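The values are calculated or read from the model by the stated rules, or taken from the named source; none is laboratory data. Just so it is clear, the model here is predicted, and its values are computed rather than measured. Quick reminder, even Gly has a Cβ in these numbers, built from the backbone with ideal geometry, and neighbours come from all protein chains shown.
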Amino acid sequence: MNVKMSEDAVIFKITEDETKTLLSGVVLKSDVRVGSDYFTIAIDPTMESRTLPELQLILHENSLVLKTTLKTVQALSDLGKIREGISVSMNDMKIVLQIDVRGNRNQKKFE
């Protein structure tokens with residue numbers, strides 16, 4: 001998982017293998033060292049389905065979680081490797097989930 005943040009956007013790029021992991025209902029999680037502490041970044045596909053697409057960004061004191069649905073992850077998988085991915089606007093911020101067009105890289109997967 002690769003996350004890029006700017007003033008008005010947060011982009012989550014995942015590999016095809018990570019997409020498959022999300023489709024199985026497993027949360028992707030990565031702990032990033034910041035000084036002597038850790039900041040957790042996660043994608044949680046267990047949000048209840050309502051409308052498509054669904055992406056919600058939740059910021060806690062020491063974590064950033066992208067909540068989504070299995071339907072949204074499946075829709076992303078069906079789109080394949082396109083730069084646009086699936087995006088929503090939330091409070092003047094663009095949130096994007098996309099499959100990395102550069103291919104799979106070794107990544108950590110945690111439950």
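Which residue is nearest to GLY80 (Cα to Cα), if the candidates are limited to the range 32-49 and must be touching a residue at least 12 places away in the same chain (Cβ under 8 Å) and not hydrophobic (A, V, I, L, M, F, W, C)?
Filtering the range 32-49 for residues that are touching a residue at least 12 places away in the same chain (Cβ under 8 Å) and not hydrophobic (A, V, I, L, M, F, W, C), the one nearest to GLY80 (Cα to Cα) comes out as PRO45.
Is it the case that GLU111 is surrounded by 13 or more Cβ atoms within 10 Å (Cβ to Cβ), modelled with pLDDT under 90, more than 17 Å from ASN2 (Cα to Cα) and out of contact with any Phe, Trp or Tyr (no Cβ under 7 Å at 6 or more places or on another chain)?
no
When you scan the range 1-42 for strands (runs of 3 or more DSSP E) that lie fully inside it, which ones turn up with 1 or more residues that are over 9 Å from the mean Cα position of the chain (by Cα) and buried (at least 17 other Cβ atoms within 10 Å of the Cβ)?
In the range 1-42, 9-14, 28-34 are the strands (runs of 3 or more DSSP E) which contain 1 or more residues that are over 9 Å from the mean Cα position of the chain (by Cα) and buried (at least 17 other Cβ atoms within 10 Å of the Cβ).
Quick one: which of LEU59, LEU52, LEU70, LEU76 is at pLDDT below 95 and either touching a Cys at 6+ places or on another chain (Cβ under 7 Å) or closer than 15 Å to ILE11 by Cβ (or both)?
Among LEU59, LEU52, LEU70, LEU76, only LEU76 is at pLDDT below 95 and either touching a Cys at 6+ places or on another chain (Cβ under 7 Å) or closer than 15 Å to ILE11 by Cβ (or both).
Scan the range 62-98 for residues that are of a type in the set (Gly, Ala, Ser), part of a loop (DSSP other than H, G, I, E, B) and either in contact with a Ser or Thr (Cβ under 6 Å, 6 or more places away or on another chain) or loosely packed, with under 15 Cβ neighbours inside 10 Å (or both) and jot them down.
GLY80
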